[in-house]
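Visitor: Below: one structure in structure tokens.
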Amino acid sequence: MKKIVILLTAITLVTGTAVFVSCNEKADAKEATFNTTDFTLQQIKHGEYLVTAMGCDDCHSPKVMGPHGPEVDFLRRFSGHPSDVAIPAGDTTAMKSWLLFTHDLTAYVGPWGTTFSANLTSDSTGIGMWKFEQFKKAIREGKLKGLDGTRPIMPPMPWTQYKNLSDEDLRDIFAFLKSTKPVKNVVPAFIPATAMK
């Protein structure tokens, strides 16, 4: 009986060691073949810090009214302008000199037309299907959805300032946004000033 216990203990130790070594080899291989869908917790946390410090919630998160005014609606955080919220027609003559915001700060009307904040969540209606290079192009070059041949990203998105972030900062922001809760929300399309009534 004692020999069986010793044998089973030895087998357990050998098996455990093999699994441990195998897991470490896989972890090393994963790090060696790092791609934009594999992020560390440290990158995600740094991205969260940057997104918070840069105020991305201000425009990209719908709001609910609280005792001190608009507060982030955490059920729809980063989902952009809600597709089920219509905005009233504005006075196009006033818009030549003014910038107007909706009450939750997710839609904007100005001399360029009407802009709706994009969905930045990990849902397919947000950036869920994006690759890092696409995100980088959107921020560095101000291209809609980070695609060549698309229109520019419209105001008030301050991509002309954000383009100065390092590649590491952009990667970490992307890592955090890809880690967010997916919120299905198809944001309305940009309305050029010429199409406004």
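The values are calculated or read from the model by the stated rules, or taken from the named source; none is laboratory data. As the structure is a prediction and not an experimental result, all values here were calculated from the model. Here Cβ is always computed from backbone atoms with ideal geometry, including for glycine, and neighbour counts include all displayed protein chains.
Visitor: So which residues in region 146-188 are farther than 27 Å from L41 by Cβ and without any contact (Cβ under 8 Å) to a residue 12 or more places away in the chain?
Guide: Once the filter is applied, which keeps residues that are farther than 27 Å from L41 by Cβ and without any contact (Cβ under 8 Å) to a residue 12 or more places away in the chain, region 146-188 yields D148, G149, T150, P152, P158, Q161.
Visitor: Only one residue in M54, M65, M95 is buried (at least 18 other Cβ atoms within 10 Å of the Cβ) and either closer than 23 Å to D167 by Cα or among the aliphatic types (A, V, I, L, M) (or both). Which one?
Guide: Exactly one of M54, M65, M95 is buried (at least 18 other Cβ atoms within 10 Å of the Cβ) and either closer than 23 Å to D167 by Cα or among the aliphatic types (A, V, I, L, M) (or both), namely M95.
Visitor: Would you pick out the residues in region 115-137 that are among the basic types (K, R), in contact (Cβ under 8 Å) with a residue 12 or more places away in the chain and either outside any helix (DSSP H, G or I) or farther than 10 Å from F174 by Cα (or both)?
Guide: K131
Visitor: How many residues are in a loop (DSSP other than H, G, I, E, B), within 15 Å of the chain's Cα centre (by Cα) and of a type outside the set (V, I, T) if we restrict to region 159-185?
Guide: 5
Visitor: Based on what the data block shows, is I44 in the same structural domain as N164 (by TED's automatic domain parsing), assigned to a loop (DSSP other than H, G, I, E, B) and aliphatic (A, V, I, L, M)?
Guide: So I44 fails the test.
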